[in-house]
1. For D130 and N66, calculate 0.36 nm times their separation in residues minus their Cα-Cα distance, and state this gained length in nm to one decimal.
2. Per-residue HN-Hα couplings for the stretch 246-252, Karplus 6.51 cos²θ - 1.76 cosθ + 1.60 at θ = phi - 60°, whole Hz, x for Gly and Pro?
3. Do you know the relative contact order of the stretch 80-172, to the nearest whole percent, from alpha carbon pairs under 8 angstrom that are 6+ apart?
4. Keeping all protein chains in place, calculate the accessible area per residue for the stretch 45-98 (probe 1.4 angstrom), answer in Å².
5. Add +1 for every Lys or Arg and -1 for every Asp or Glu among the other residues with Cβ under 11 Å from the Cβ of R49, and state the total.
6. Rounded, prolate or oblate: which fits the stretch 62-157, taking a ≥ b ≥ c as square roots of the Cα gyration tensor eigenvalues, rounded meaning a/c under 1.5, else prolate when a/b beats b/c?
7. What is the distance in Å between the Cα centroid of the stretch 125-179 and that of the stretch 251-268?
Amino acid sequence: MSKLSIAGNNLKDLSERLFAGYSEEQRAEFMRRYVTKTAIAIAPPERIRRISEDLLEHYRTRIEPNGFKAQIVVPNRLGAVRYKEALDALGRHDSAVLISKMHNDEEHYRPYHTSRTEEQEIIRRYKEEDDPKIIIVCDKLLTGFDAPREQVMYLDSPLKEHTLLQAMGRVNRRYKGKSYGLVVDYWGLGGALRDALSMYDDNDIEGMVHTDFKREILPPHLQAAHRAAINFFAPVPRVSRKDDYKQACILYLKPEDYRIAFDQVFKQFSQYLDMLLPDPRSVALCV
């Protein structure tokens, strides 16, 4: 989690100085309307830069090597522009911003104005081609968007209830080589997710696991799958030379039904391993 903090002037003192001609009630209303978590979250470039560094490291090591795509969800259009600028500054120019355009938009929004045709072309390339690898949105493509190559969603937005669950559903579309979808939460949506899940039956949310999956649920599954893969070759006599034992294992897999059976066992192991890599625990669990 990226902690929010305010450095410098005390907000109450600052508001009294800036809005000296207004009543206490009016100043309180200004603070309520404009000094929000969203405004604070997207205001300091340092916070967005640090999150961008973190998500790019995760994407580069965990998602990109398998050829999958990412989506960043932010609270508003200004946040989308600032994330794009941060990614560009970090040397990743393979992202695209999809935001609504407004009449008399300020200059920093205009490079991201797209026509309906241009927007559809960006979406097509995201689904079918190599570039863009990452899309940044605030109000688009959260529901009803089907992009099977998208494996991870980086959430930095106060989504809630059905919008949150529908957004998370963007990463669960099946695709060759993709065994799971992942949502990385930078906003702190644990409570909102629990509230959202409570609105649905267990059958509706089957397969959705929160926070403790890698620490509590995944390790024993990975270990069991690893043992199953190793024990598949238990009938093969052990010999002193590694090359001889390897050749014996290859011969053991000569029958087609044995190869099919081992393929299923190994596929389960590799899927669990993929979920944990590059965490060093993945090696320790398989020793």
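1. Result for the pair: 21.8 nm of gain on full extension.
2. Each residue's phi maps through the Karplus curve to give 4, 5, 5, 5, 5, 5, 4 Hz.
3. 28 percent
4. 38 Å²
5. On the way: positive: R47, R50, R82; negative: E46, E53, D54, E85.
Charge balance near R49 sits at -1.
6. prolate
7. The stretch 125-179 and the stretch 251-268 have Cα centres spaced 35 Å from each other.
The values are calculated or read from the model by the stated rules, or taken from the named source; none is laboratory data. The structure presented is a predicted model; accordingly, all values stated were derived computationally and were not measured. Glycine also receives a Cβ, built like all others from the backbone with ideal geometry; neighbour counts cover every protein chain displayed. SASA here: full protein model, heavy atoms, side chains in, ligands and nucleic acids out. Shrake-Rupley method; radii C 1.70, N 1.55, O 1.52, S 1.80 Å.
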